[in-house]
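Here is the structure we will look at, set down as structure tokens.
Quick note: the coordinates plus some simple rules give every number you see, no bench work behind them. What you see is a predicted model; the values in this text were computed from it and never measured. Cβ coordinates were reconstructed from backbone atoms using ideal geometry, including for glycine residues, and neighbour counts include every protein chain displayed.
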Number of protein chains: 2
Amino acid sequence: MVRTNADAQKCCNTDEKLSLPDVAWAEDMAKLSWALAHPARIRIVRLLLNRTSCMCGEIVEEMPLAQSTVSQHLKILKETGLVQGEIDGPRVCYCINEEAMAKLKKLIADL
Amino acid sequence: MVRTNADAQKCCNTDEKLSLPDVAWAEDMAKLSWALAHPARIRIVRLLLNRTSCMCGEIVEEMPLAQSTVSQHLKILKETGLVQGEIDGPRVCYCINEEAMAKLKKLIADL
DNA sequence: GAGACATATCGTAGATCGACGATAGGCAAT
DNA sequence: ATTGCCTATCGTCGATCTACGATATGTCTC
């Protein structure tokens, strides 16, 4: 890991200007990233992407977690806007919010 | 938020097959996402992307955080592989690991 | 209205995060 | 070797996450 000074030459161009991105932007992006920062939530998102939508109960069945825990993760995903839940009688049907998903993808891609 | 049964019609296609992604894949991705799940880390990454590299001290100066806190965030970014640190005499020069960055972008884009 | 079912929320406990100051470690120059 | 600078690590504290069971809420059916 140790570099000689010769190597370091091409490492640090102090000419370049420092410019920190907007704080609000960073917080927005961090929030979205955080929604995906848990394997269970990743799996839920992926599950919903494979289907166009899915009943809450189906998600619970497929996950090795208690119903209340899954519900909590779904709440987080809803709060970040990545997922939408629509009441369908006694059940709830979840689906991906394509718009939010696109926003996240763009934010990461444009990083 | 309440939907009628008529609306729900187009919501849940139970024909589609459920298929949960690989657990290891989900954990891998969650780890990478988690690296970006904090505004400070986002700003650091963005900062390093604007320049080709940056001294640790410069990062600390630009962030409203204690040196030890910034160092902790850098450690996390290094552990996930997104950032590389190269020792340059008494200082450390950080730069983005383009490869890991590309991997992250691809993972998100292919979500 | 009563009962059955699906989901959300509450309360709790342990684990982890995020912040800091203090301190240790490494390197360069004297 | 000593000093000074830069960075990493340690120890700590409060806040938040994550998991669960228990319970509340809401909706259909009878």
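Under 5 Å between amide hydrogens, built in the peptide plane, is the criterion, and for residue B:88 it picks out B:93 among residues at least 5 positions away or on other chains.
What is the average number of partner chain Cβ atoms found within 10 Å of a Cβ in A:36-48?
Across the residues of A:36-48, the mean count of other-chain Cβ atoms within 10 Å is 6.
Inter-copy label distances at residue A:105, using a point 7 Å along Cα-to-Cβ, come to 1.5 nm with the shortest given first. Label-point spacing for residue B:23 across the identical copies (point 7 Å from Cα in the Cβ direction), in nm and ascending order: 4.2.
Less than 5 angstrom separates the built amide H of residue A:55 from those of A:94, all sequence-distant by 5 or more or on a different chain.
Peptide A:92-101 has a mean of 1 when you count, residue by residue, the C-beta atoms of other protein chains within 10 Å of its C-beta. Label-point spacing at residue B:52 relative to the other copies reads 4.9 nm, in ascending order, each point sitting 7 Å out from Cα along Cα→Cβ. Is the C-alpha gyration tensor of the stretch B:17-111 telling us rounded, prolate or oblate? Criteria: a/c under 1.5 is rounded; beyond that, a/b larger than b/c is prolate, otherwise oblate. Prolate shape, in that a/c is at least 1.5 and a/b is the bigger ratio.
Given +1 at the Cβ of Lys and Arg, -1 at the Cβ of Asp and Glu and no other charges, the dipole of the stretch A:21-111 around its Cα centre is 180 debye to the nearest 20.
For the stretch A:31-46, backbone phi angles converted through the Karplus equation (6.51, -1.76, 1.60; θ = phi - 60°) give residue-by-residue couplings of 5, 5, 4, 5, 4, 9, 8, 8, x, 4, 6, 4, 5, 5, 4, 5 Hz, Gly and Pro being listed as x.
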